[in-house]
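Participant: Okay, handing you the structure first.
The values are calculated or read from the model by the stated rules, or taken from the named source; none is laboratory data. Nothing here was measured: the structure is a model prediction, and the numbers come from that model. Neighbour counts are summed over all protein chains in view; Cβ atoms, including those assigned to glycine, are modelled from backbone coordinates with ideal geometry.
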Amino acid sequence: MTTTTTTTKPNPLSTLALLILPVLLLAGVIGLFLYTSGAGLNVQSAAPIESLSFERTILQPGVIEFRIRNTSPQEINIAQININDGIVRYTIDPGHTVPRLGRAVIKVPYPWVQSEAYEVAIFSSNSVAFTTAIDVASETKVADRSTLLSFTLIGLYVGVLPVFLGLFWFPALRRLGPRWMMFLMAITAGLLIYLGIDAVNEALETSIGLGGPFQGVGLIGLGVVVTFMLLDAIARRQVSVGRSEADQRLTVAYMIATGIGLHNLGEGLAIGAAYSVGAATLGTFLVIGFILQNITEGLGIIAPVLRDRPTLSSLAWMGLIGGVPAVVGAWVGGLTYSQPLAVLFLAIGAGAVFEVVYEIGKLIQRDAAKRPMPLTIFAGVTVGMLLLYVTGLLIK
Amino acid sequence: MTTSLTRRTLFRAGTLSALGLAGAAVLQTPAPVSSQEQTATHPHNEQTMFMPGTVGEVDHAANGFNPTDILTDFDYGKVSTLPSGQTLHEYDFVAGTKDIEVAPGIMYAAWTYNGRIPGPTIRAREGDRIRINFVNGTGHPHSIHFHGIHPAGMDGVFEPVPPGGTFVYEFDAEPFGVHLYHCHVMPLAQHIAKGLYGAFIIDPPQGWPPAEHELVMVMNGFDLDFDLANDLYAVNTIPFHYDIHPIKIKVNALVRVFLVNVLEFDPINSFHLHANLFHYYPTGTSLTPSEFTDMIAQMQAQRGMLEFRYKYPGKYMFHAHKTEFAELGWTGNFLVEA
């Protein structure tokens, strides 16, 4: 019978050869394309396409420093620099020619004045002008002990403090009845949905400044989807291990903490960067609103475990997981800001937050199966989103 | 930086206010006023040493001309005497396309007369005959339009010369003065801005009084990114050239500058001389100066003659007193030597 031949194992070498064949053909086609300079297509552009992104602008007394990245399809030559309608002398490291995706540091000795605005144009050899602006000149913080302390404080205010303040509601909230607990869970879901949307918006805004090769929107998609899938896989593994519902709720609480932590890492990065370039304003009123908005994060973490008896140490851990990444983010953002990384971390934060919403959704569904209360859930999500929207209205 | 208000701006603001609240106690951060003073003060050498300027130097050999040479490069053409006894100055002019390094590292796709910007400085005596054999070597129609007195057919406006075409411009040089020529094919701003212009000097029949230094300065600029605004300004094309290479003159010597403004896009240009005043002869058409000043303004195609002597040796600046132009390249120095 012929069926016996089909069941014999194919020769691995021939399988390999068959796998490689299309690759070889592809190489041949590319070779032909290059050899015939376009194989009939006119691939010469009329003018060189050049782009350049300003990754960071650092102001020190008497010096303005630009960290740039060449995001064009080919290398770029930096020729001259114009600041506020004046050609200025500069030094560039490592050299005037910047390779594709390469970075360079440009230093301009310039007597800039505190709080004034500057328009900057960098001209390439092909007479292409790349512009950036310094909206409010102020000295960029450099890494020393006091700035590290500042960034730590920033992180404490962004993450750790509000999260722990929220945790302090635990004793009071656990006295509530099941309907109120469901309401709180729904509020948490609403808060997190709002945070996630906000993080995606932040990521999209930051990605505008990225060069083409970094594919900002694609990078955001990658960050959101991969984080979501990863956390989802972890959660499913936990469930399949087959533990008690209380343990699963504790896991969800930890996951919320992780999600909020990742989100706070992205926020910390962005805030640290903004602070280090002086793009910030002061206002006591704003601090209060700020704490108001972020205290909800701690509330969110404890919502799933209100009916249980989590140990004090696990509560402390959850607070740390949720809050401390903000400190790390502020350090990294303040000291070595990278725009692609900021976009990626904002996207990771968004993905994490959305996954946590999904987990809370599953918890709510489980409880609702025992005792349906659709209006409570609806009201909770609405209140959660409105809470952030209204506090935003008040303080922005 | 984006100015839209977002959650992050809120965070930013909140963070700092939080810092502000806690900072006084925890960090002992300086009060806002003193921190502002601190950041606003620069080291002394930075403040006193700052000068605008380009980095590097253009390749004059590759450009085919050097602004230092252009200053004194007066082209009398091929000189001969016509049967009538009139002196003939004959020139060959070729309009071409050429990449010029207009600032160190920056190549500009220019249109040129005889491969240089500004084109050759035509110089003749009033009443002489000028003949220019013009060849258009570019892919666009061009012409030469002279300022001065000549017949309509020699005006270079209604007879654009097609690509590869030729035209002979011939007329008597009059009146004496400082003039210019430029392409007059539409769109005119583009044809001038890309480099088709030059100075045209007609000496009085009896000549000007002898001067130790005669210099031609054509004030121009370049719009690199085609936004109809100049990115670079200069005298004789290369920004800051005479800043890096000062023009050497002798103390007490008479210096005569033929100054022509061809600057496109900007309505007005100017010339300011440091630590001195000059006699100004508008359009150079009178032997009597109209003004004794250190600052004159010229619109596009306005021109004139400046005469001055330096009493003391040393380095003296001259520049456009539209400061923006000066800092974008229209700055130079005279080095007065004993």
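Participant: Do we have B:D99 as away from every other protein chain (no Cβ under 14 Å), within 25 Å of the chain's Cα centre (by Cα) and free of Cβ contacts under 8 Å to residues at least 12 places away in the same chain here? Explain how you work it out, then say what you get.
Facilitator: On the way: away from every other protein chain (no Cβ under 14 Å): no; within 25 Å of the chain's Cα centre (by Cα): yes; free of Cβ contacts under 8 Å to residues at least 12 places away in the same chain: yes.
Spelling it out, it is not the case that B:D99 is away from every other protein chain (no Cβ under 14 Å), within 25 Å of the chain's Cα centre (by Cα) and free of Cβ contacts under 8 Å to residues at least 12 places away in the same chain.
Participant: Tally time: how many residues in the range A:59-80 are within 13 Å of chain B (Cβ to nearest Cβ) and modelled with pLDDT under 90? It would help to see each step written out before you state the result.
Facilitator: Taking the range A:59-80 as the starting set, the residues that turn out to be within 13 Å of chain B (Cβ to nearest Cβ) are A:59-64, A:76-80.
Subset that is modelled with pLDDT under 90: A:59-62.
Selection size over the range A:59-80: 4.
Participant: Can I ask one more? If we keep just the residues of the range A:275-322 that are within 14 Å of chain B (Cβ to nearest Cβ) and modelled with pLDDT of 70 or more, which is surrounded by the fewest Cβ atoms within 10 Å (Cβ to Cβ)? Can you show your working first?
Facilitator: So in the range A:275-322, the residues within 14 Å of chain B (Cβ to nearest Cβ) come out as A:275-297.
Cutting the leftovers down to modelled with pLDDT of 70 or more gives us A:295-297.
Values: A:I295: 19, A:T296: 25, A:E297: 31.
Out of the qualifying residues, it is A:I295.
Participant: Here is a check on your reading of the model: is A:L161 surrounded by 15 or more Cβ atoms within 10 Å (Cβ to Cβ), on the phi < 0 side of the Ramachandran plot and not acidic (D, E)?
Facilitator: Numbers: surrounded by 15 or more Cβ atoms within 10 Å (Cβ to Cβ): yes; on the phi < 0 side of the Ramachandran plot: yes; not acidic (D, E): yes.
The answer is yes for A:L161.
Participant: Could you pull out the residue among A:V128, A:V120 that is more than 30 Å from B:H321 (Cβ to Cβ), crowded, with 18+ Cβ neighbours inside 10 Å and out of contact with any Leu (no Cβ under 7 Å at 6 or more places or on another chain)? First the steps, then the outcome.
Facilitator: Details: A:V120 fails: more than 30 Å from B:H321 (Cβ to Cβ).
Result: A:V128 is the single residue among A:V128, A:V120 that is more than 30 Å from B:H321 (Cβ to Cβ), crowded, with 18+ Cβ neighbours inside 10 Å and out of contact with any Leu (no Cβ under 7 Å at 6 or more places or on another chain).
Participant: Another question, then. Six or more apart or on different chains, Cβ atoms under 9 Å: show the pairs whose first residue is in the range A:301-324 and free of Cβ contacts under 8 Å to residues at least 24 places away in the same chain and whose second is surrounded by fewer than 16 Cβ atoms within 10 Å (Cβ to Cβ).
Facilitator: A:R309/A:R174; A:R309/A:A246
Participant: Now for a separate question. Of the residues that make up the range B:117-127, is at least one of a type in the set (D, E, K, R), surrounded by fewer than 19 Cβ atoms within 10 Å (Cβ to Cβ), modelled with pLDDT of 95 or more and assigned to a strand (DSSP E or B)?
Facilitator: Kept after step one, since they are of a type in the set (D, E, K, R), are these residues of the range B:117-127: B:123, B:125-126.
So of that shortlist, the ones also surrounded by fewer than 19 Cβ atoms within 10 Å (Cβ to Cβ) come out as B:125-126.
Pick out the ones that are also modelled with pLDDT of 95 or more and you get B:125-126.
The next check asks that each one be assigned to a strand (DSSP E or B); those that pass are B:125.
Yes, because at least one residue in the range B:117-127 is of a type in the set (D, E, K, R), surrounded by fewer than 19 Cβ atoms within 10 Å (Cβ to Cβ), modelled with pLDDT of 95 or more and assigned to a strand (DSSP E or B).
Participant: While we're looking at this one, here's another question. Among B:L196, B:L228, which is more than 26 Å from B:Y281 (Cα to Cα) and either crowded, with 23+ Cβ neighbours inside 10 Å or within 14 Å of chain A (Cβ to nearest Cβ) (or both)?
Facilitator: On the way: B:L196 fails: more than 26 Å from B:Y281 (Cα to Cα).
When all the criteria are applied, what remains is B:L228.
Participant: Being farther than 22 Å from A:P213 by Cα and touching a helix residue (DSSP H, G or I) at 6+ places or on another chain (Cβ under 8 Å): is that true of A:Q80 here? Before the answer, list the steps.
Facilitator: Details: farther than 22 Å from A:P213 by Cα: yes; touching a helix residue (DSSP H, G or I) at 6+ places or on another chain (Cβ under 8 Å): no.
It is false that A:Q80 is farther than 22 Å from A:P213 by Cα and touching a helix residue (DSSP H, G or I) at 6+ places or on another chain (Cβ under 8 Å).
Participant: Is it the case that some residue within the range B:178-188 is more than 22 Å from B:V135 (Cβ to Cβ) and assigned to a strand (DSSP E or B)?
Facilitator: Scanning the range B:178-188, I find at least one residue that is more than 22 Å from B:V135 (Cβ to Cβ) and assigned to a strand (DSSP E or B), so the answer is yes.
Participant: Yes or no: the range A:90-102 includes at least one residue that is buried (at least 16 other Cβ atoms within 10 Å of the Cβ) and either of a type in the set (D, E, K, R) or in the same structural domain as A:L312 (by TED's automatic domain parsing) (or both). Spell out the reasoning first.
Facilitator: If we filter the range A:90-102 for residues that are buried (at least 16 other Cβ atoms within 10 Å of the Cβ), which is where we start, we get A:90, A:92, A:96, A:98.
Okay, now just the ones that are also either of a type in the set (D, E, K, R) or in the same structural domain as A:L312 (by TED's automatic domain parsing) (or both), so none.
The answer is no; no qualifying residue exists.
Participant: Can I ask one more? May I ask you to verify whether A:G259 is in contact with an Asp or Glu (Cβ under 8 Å, 6 or more places away or on another chain), modelled with pLDDT of 80 or more and more than 8 Å from chain B (Cβ to nearest Cβ)?
Facilitator: Values: in contact with an Asp or Glu (Cβ under 8 Å, 6 or more places away or on another chain): yes; modelled with pLDDT of 80 or more: yes; more than 8 Å from chain B (Cβ to nearest Cβ): yes.
When the stated conditions are applied, A:G259 passes them.
Participant: Just to be sure before I move on: is B:A199 in a loop (DSSP other than H, G, I, E, B) and of a type in the set (G, A, S) in the structure I sent?
Facilitator: Numbers: in a loop (DSSP other than H, G, I, E, B): no; of a type in the set (G, A, S): yes.
No, not satisfied.
Participant: Are any of the residues in the range A:222-239 closer than 28 Å to A:G102 by Cβ, surrounded by fewer than 20 Cβ atoms within 10 Å (Cβ to Cβ) and modelled with pLDDT of 80 or more? Full working, then the answer.
Facilitator: Initially, the range A:222-239 is screened for residues closer than 28 Å to A:G102 by Cβ, giving A:222-223, A:226.
Checking the rest, the ones that are also surrounded by fewer than 20 Cβ atoms within 10 Å (Cβ to Cβ) come to A:222, A:226.
With the extra rule that they be modelled with pLDDT of 80 or more, the set shrinks to A:222, A:226.
For the range A:222-239, residues closer than 28 Å to A:G102 by Cβ, surrounded by fewer than 20 Cβ atoms within 10 Å (Cβ to Cβ) and modelled with pLDDT of 80 or more: present.
Participant: Being of a type outside the set (A, V, I, L, M, F, W, C) and in contact with a Gly (Cβ under 7 Å, 6 or more places away or on another chain) narrows it down to one of A:G155, A:G177, so name that one. Reasoning before the result, please.
Facilitator: Details: A:G177 fails: in contact with a Gly (Cβ under 7 Å, 6 or more places away or on another chain).
None of the others qualify; the one that does is A:G155.
Participant: Can you spot a residue in the range A:140-159 that is of a type in the set (D, E) and closer than 25 Å to A:R69 by Cα?
Facilitator: Checked against the condition, which is being of a type in the set (D, E) and closer than 25 Å to A:R69 by Cα, the range A:140-159 yields no hits at all.
Let's see how each residue does on (1) more than 19 Å from B:T54 (Cβ to Cβ); (2) surrounded by fewer than 20 Cβ atoms within 10 Å (Cβ to Cβ); (3) touching a Ser or Thr at 6+ places or on another chain (Cβ under 7 Å); (4) touching a residue at least 40 places away in the same chain (Cβ under 8 Å):
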position: B:T237; (1), (2), (3), (4): no, no, no, yes
position: B:F265; (1), (2), (3), (4): yes, yes, no, yes
position: B:I268; (1), (2), (3), (4): yes, yes, no, yes
position: B:I296; (1), (2), (3), (4): yes, no, yes, no
position: B:E307; (1), (2), (3), (4): yes, yes, no, yes
position: B:A320; (1), (2), (3), (4): no, no, yes, yes
position: B:L335; (1), (2), (3), (4): yes, yes, no, yes
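Participant: Please work out if A:V225 is in a helix (DSSP H, G or I), within 21 Å of A:Y358 (Cβ to Cβ) and within 14 Å of the chain's Cα centre (by Cα).
Facilitator: Yes.
Participant: Do you know which of the residues in the range A:81-108 that are small (G, A, S) and not in a strand (DSSP E or B) is nearest to the other protein chains (Cβ to nearest Cβ)? Give the derivation first.
Facilitator: Residues of the range A:81-108 small (G, A, S): A:86, A:95, A:102, A:104.
Checking which are not in a strand (DSSP E or B) leaves us with A:86, A:95, A:102.
Values: A:G86: 3, A:G95: 12, A:G102: 17 Å.
This residue is A:G86.
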